[in-house]
Amino acid sequence: MNSNRRPGWRVYRGPAAGAKRAWPWWPGRPSLRLLRLLLLLSVCALAMFPPAPASAFVPAPWSENIFDQVRREYGEPAAQRLRSLHELIRANQDLPVREKLALVNTTLNRIPWATDAAHWRTEDYWATPLETIATFAGDCEDIAIAKWIMLRHLGIPGENLRLAYVQIKNTCETHMVLLYLDRVDVPWEQRHIDVLDNKDNEVRPGRDRDDLLALFLMSGSGEMVVLADAGGRRSVKKNSCQQETAAT
């Protein structure tokens, strides 16, 4: 992706070209990497959202100290980019949920994909959403977490969001996407699931993403769902919070 793109995101103009590469291979079972990811997500959520009922959440204007800090550490273009994103969030609080999903997906898909080695000069770096936005680069996990936080700022309850580790069928690469669940009070087979993917500017239902094999789902509260996916119907093998159940 062209790194000379203007830093602002003031106007949502529909789909833009997204990153085209996937995250490197991740082991096929829960590991220290996964626990660190959950910890990062939890810390980000607690830092940016004080405990309150999801339905009552209304974002307050961000402190000017945030923009000043970003300006000092990353430069004026980064501060402008963050401010533009802040304005975009505050201007779109009343959008329907589906439009919020599309807005977040296409907006943050403009972030160029980059490996930790190339971007942070280290093999494995866990960037916060602020770092991802400020430096305007990240791998698929960084972009998925940034989407989670942006949706929370748009008033989407955290209980409706999941991080998902998947495998891309035609390359066997492991990848990370964000899921939106329309219901959390019904069995998995009755839930409609939308996929926000940095490799796809269209938000599509999970049932239509037969190009992906689902591996794990993770919630911000630490719930882990291990999936069985043979390329057709997906099922829950193990849920860390519940008994085994079926899913689509």
Query raised in the report: Just a yes or no: is a residue in the stretch 121-134 closer than 24 Å to Val70 by Cα and part of a strand (DSSP E or B)?
Result: no
Query raised in the report: Where residues in the stretch 187-203 are among the charged types (D, E, K, R) and touching a strand residue (DSSP E or B) at 6+ places or on another chain (Cβ under 9 Å), which of them is nearest to Met150 (Cα to Cα)?
Result: Asp197
Query raised in the report: Given (1) part of a strand (DSSP E or B); (2) of a type outside the set (S, T, N, Q); (3) farther than 15 Å from Gly220 by Cβ, where does Glu189 come up short, assuming only one miss?
Result: (1)
Query raised in the report: Which one is farthest from Ala146 (Cα to Cα) among residues in the stretch 60-94 that are within 19 Å of the chain's Cα centre (by Cα) and hydrophobic (A, V, I, L, M, F, W, C)?
Result: Leu88
Query raised in the report: Within the set of pairs 6 or more residues apart or between chains, which connect a residue that is in the same structural domain as Glu223 (by TED's automatic domain parsing) and more than 21 Å from Arg98 (Cα to Cα) inside the stretch 169-198 to a residue that is hydroxyl-bearing (Ser, Thr, Tyr) and in a strand (DSSP E or B) with Cβ atoms less than 8 Å apart?
Result: Thr174/Tyr165; His175/Tyr165
**Report entry** Pair list, Cβ < 7 Å and 6+ apart or interchain, from the stretch 68-93 residues that are over 11 Å from Thr135 (Cα atoms) and in contact (Cβ under 8 Å) with a residue 24 or more places away in the chain to residues that are buried (at least 20 other Cβ atoms within 10 Å of the Cβ) and aliphatic (A, V, I, L, M)
**Finding:** Leu85/Ile133; Ile89/Met150; Ile89/Leu154; Asn92/Leu103; Asn92/Leu154; Gln93/Leu154
Report summary line: Going through (1) surrounded by fewer than 18 Cβ atoms within 10 Å (Cβ to Cβ); (2) under 27 Å from Leu130 (Cα atoms) one by one, Val184 fails only at (2)
Query raised in the report: Any residue at all in the stretch 205-213 that is at pLDDT below 80, surrounded by 20 or more Cβ atoms within 10 Å (Cβ to Cβ) and outside any strand (DSSP E or B)?
Result: no
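The values are calculated or read from the model by the stated rules, or taken from the named source; none is laboratory data. Remember, it's a predicted structure, so these values are computed and weren't measured experimentally. All Cβ positions, even for glycine, are placed from backbone atoms using ideal geometry, and neighbour counts span all protein chains on display.
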